[in-house]
Amino acid sequence: MDQGHQIRLTAGEVTQLWAQYMNDSGSVCMLTYFAEKAEDEDIKPLIEYALKISQTHIEKLTSIFKEEKFAIPYGFKVEEDVNLQAPRLYSDSYALTFVHQMAMIGLTNYAAAVSASVREDISDYYMECLSETMELFKKAKQVLLQKGLMIRAPYIPNLAEIEFVKKQSFVWDIFGNKRPLIAAEISNLFSNLQRNALGAATLTGFAQVAQNKEVTDFFIKGIEIAKKHVRIFSTKLEESNLPSPTTWSSEVTDSTAKTFSDKLMLFFTSGMISLSVGYYGTAVAQSPRVDIGIMYNRLSAEVQLYSEDGANLMIKNGWLEQPPMAPDRDELARKKKK
């Protein structure tokens, strides 16, 4: 282990550690607020459990950065980015779903971090993160089931016998009658619909409490995009006579008091956009039907343009913290000549 600490962190390891610090510092802010407002006796302990995990991550990451003599990211601070005296903005049911989604995203991210880690201590750390996030996911799912809030994907009949595809229309029938959706396409459409519905509710709350008009307008545009994507995914499911999940708009209160900083809300929105692009890319890879791939590529381009608007807003206001990057050798050479 001592030898491991003498090995410099790779770009992949630095990327994961830096991104995790930013994400967990933001999560601490959101979860602290949710814990402060929670009233449900089953949901409040789960939020506090998730909060403790994020706080522990910040402590461990800070220790790693100090040991490596690596600048600790500024990230987000509860005292700067959250108004704990603000009225309730989201219901406890929304907070529970937020924790569940956060755990699912964490499972994906930590698995990627393990595979990107070379140093043994970093690999061990992320395997520990993966283990505790699996426990959080399990607990969140149990509470969702207990509350009757777990939204299941549609059921399809059991496979009775093995069949092989006989027609090119399985893939290429763009304009004619479409074949029924395969299981992977159903799962992706359902999950992406659910995430967009939750995203629309999240941005509805953000738009109500944002202080900057440009930021408010940005969130309103995001709500429109998310709702449009929900309609498109619902239509695809309905074409195969499959149900769509419910929306979360009723889980947002009418509060307009400043609750989170515009900086924090833009950061979370940027994260949601990045996840959407990734999930849409996965859906393209798993969808043999060409029309569905075309649909996802078009929607992905739309959210990427929206992402650019968000990045420009963050840069304009001095809120975009620069991630670790390679040195600009040309710039260093020019400075030397001076």
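The values are calculated or read from the model by the stated rules, or taken from the named source; none is laboratory data. Small disclaimer: the values here were computed from a predicted structure and weren't measured. FYI the Cβ positions are ideal-geometry reconstructions off the backbone, even for glycines, and counts take in every protein chain you see. For the accessible areas, the whole protein counts, side chains as well, though only heavy atoms, and no ligand, DNA or RNA atoms are used. Shrake-Rupley method; radii C 1.70, N 1.55, O 1.52, S 1.80 Å.
Things worth noting here:
- Looking only at residues of the stretch 36-50 that are of a type outside the set (Asp, Glu) and touching a residue at least 24 places away in the same chain (Cβ under 8 Å), we find that the one that is surrounded by the most Cβ atoms within 10 Å (Cβ to Cβ) is Ala50.
- Filter pass, Ala197 being free of Cβ contacts under 8 Å to residues at least 60 places away in the same chain and either more than 18 Å from Gly310 (Cβ to Cβ) or not β-branched (Val, Ile, Thr) (or both): yes
- For the stretch 211-250, filtering for residues that are open to solvent by 70 Å² or more (accessible area, probe 1.4 Å), small (Gly, Ala, Ser) and closer than 22 Å to Lys178 by Cα leaves 0.
- Criterion applied to Lys60, Lys44 was being out of contact with any strand residue (DSSP E or B) (no Cβ under 8 Å at 6 or more places or on another chain), modelled with pLDDT of 95 or more, within 15 Å of Tyr94 (Cα to Cα) and not hydrophobic (A, V, I, L, M, F, W, C), and the one residue passing it is Lys44.
- Candidate set: the stretch 285-302, residues that are open to solvent by 10 Å² or more (accessible area, probe 1.4 Å) and at pLDDT 95 or above; chosen: the one nearest to Met104 (Cα to Cα): Ser300
- Index of the failed condition, Ser63 passing every other in (1) outside any helix (DSSP H, G or I); (2) among the small types (Gly, Ala, Ser); (3) loosely packed, with under 14 Cβ neighbours inside 10 Å: (1)
- Restricting attention to the stretch 115-157, the residues being assigned to a helix (DSSP H, G or I), closer than 16 Å to Ala103 by Cα and either open to solvent by less than 60 Å² (accessible area, probe 1.4 Å) or in contact with a helix residue (DSSP H, G or I) (Cβ under 7 Å, 6 or more places away or on another chain) (or both) number 14.
- Search result, residues across the stretch 251-269 that are β-branched (Val, Ile, Thr) and open to solvent by 50 Å² or more (accessible area, probe 1.4 Å): Thr256
- Total residues in the stretch 70-103, condition open to solvent by less than 50 Å² (accessible area, probe 1.4 Å), within 21 Å of Lys263 (Cα to Cα), of a type in the set (Gly, Ala, Ser) and in a loop (DSSP other than H, G, I, E, B): 2
- The criterion of being open to solvent by less than 10 Å² (accessible area, probe 1.4 Å) and among the polar types (S, T, N, Q) holds for Ser54.
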